[in-house]
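As structure tokens, the structure follows; a few thoughts come after it.
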Amino acid sequence: MAERKKTSTKKTTVKTSAAKKSAPAKTVTAKAPRASHGPAIVTGRAGGMTLGSVRPAKGSRPKRTRVGRGHGSGMVKTGGEGGKGQTVRSGGGKGPAFEGGQTPWQRRLPHRRGYSQKARDIGHFRQRFTVVNVGDLADWDPAVEISPQTLKVAKKIKAIGDGVKILGANKGGKSLPGGLRFRDVLFSGSAKEALEAAGATIEKLVAE
């Protein structure tokens with residue numbers, strides 16, 4: 001039994017070796033070289049190709065735009081993206097007098113004493129006079145001089161302000177007492193005429 005097994009193994013080995021010998025030899029065909037537009041291969045020292053020696057063909061890849069590399073490139077401030085916000089809007093900008101938010105030059109100038117306030121806000125620099133109509137003086141005692149202080153004491157006015165001015169309004173046509181005396185009071189044209197016609201004396205007239 002053992003001898004039969006040995007002979008069988010020998011036969012199989014002989015068959016396999018014979019099959020190997022009878023197999024046809026493989027033909028190796030050389031590949032055609034790549035076209036000129038492919039990557040240029042630079043061989044290393046030993047003549048073989050290395051990964052660092054692979055280069056694209058000349059003209060196959062354009063040179064990329066490098067932004068932010070100097071004013072000569074034309075891609076500096078916004079890097080080709082353009083402006084955003086105020087610079088994009090139509091009519092944008094702050095004008096030639098804008099200085100970035102700081103106090104502009106014309107407002108930093110020191111103003112001299114006596115500078116005209118006519119062009120500035122009249123709410124802060126105008127004079128506010130307290131007015132009294134001529135008709136309110138119909139019951140005034142001629143023995144008492146009319147001045148800003150006496151008018152306030154008699155409760156004809158609440159505050160003196162920058163001065164007192166007499167206006168010519170006279171509702172109901174009340175008659176004025178004669179001999180009224182005025183001091184430190186301004187008058188309108190119609191009030192002055194009515195008081196002079198009633199015989200009033202103006203001791204000190206400030207200015208009309």
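The values are calculated or read from the model by the stated rules, or taken from the named source; none is laboratory data. From a predicted model like this one, the values you see are computed outputs, not experimental measurements. Cβ coordinates were reconstructed from backbone atoms using ideal geometry, including for glycine residues, and neighbour counts include every protein chain displayed.
For Gly135, indicate whether it is surrounded by 10 or more Cβ atoms within 10 Å (Cβ to Cβ), farther than 30 Å from Lys94 by Cβ and modelled with pLDDT under 90. Here the answer is yes, as Gly135 does meet what is asked. When Thr65 is tested against (1) within 36 Å of the chain's Cα centre (by Cα); (2) at pLDDT below 85; (3) of a type outside the set (D, E, K, R), only condition (2) is not met. Of all residues in segment 53-78, those that are on the phi > 0 side of the Ramachandran plot have Cβ atoms under 7 Å from Cβ atoms of residues that are surrounded by 11 or more Cβ atoms within 10 Å (Cβ to Cβ), 6 or more apart or on another chain, in Gly68/Met75; Gly68/Val76; Gly68/Gly79; Gly70/Val76. Within segment 90-106, the set of residues being surrounded by 10 or more Cβ atoms within 10 Å (Cβ to Cβ) and at pLDDT 85 or above comprises Lys94, Phe98, Glu99, Pro104.
If you check Leu186, Leu195, Leu167 for being touching an Asp or Glu at 6+ places or on another chain (Cβ under 8 Å), surrounded by 16 or more Cβ atoms within 10 Å (Cβ to Cβ) and closer than 29 Å to Arg126 by Cα, only one passes: Leu186.
When Ala197 is tested against the conditions (1) modelled with pLDDT of 85 or more; (2) under 24 Å from Arg128 (Cα atoms), the lone failure is (2).
For segment 143-185, the tally of residues that are within 52 Å of the chain's Cα centre (by Cα), under 19 Å from Ala198 (Cβ atoms) and part of a loop (DSSP other than H, G, I, E, B) stands at 0.
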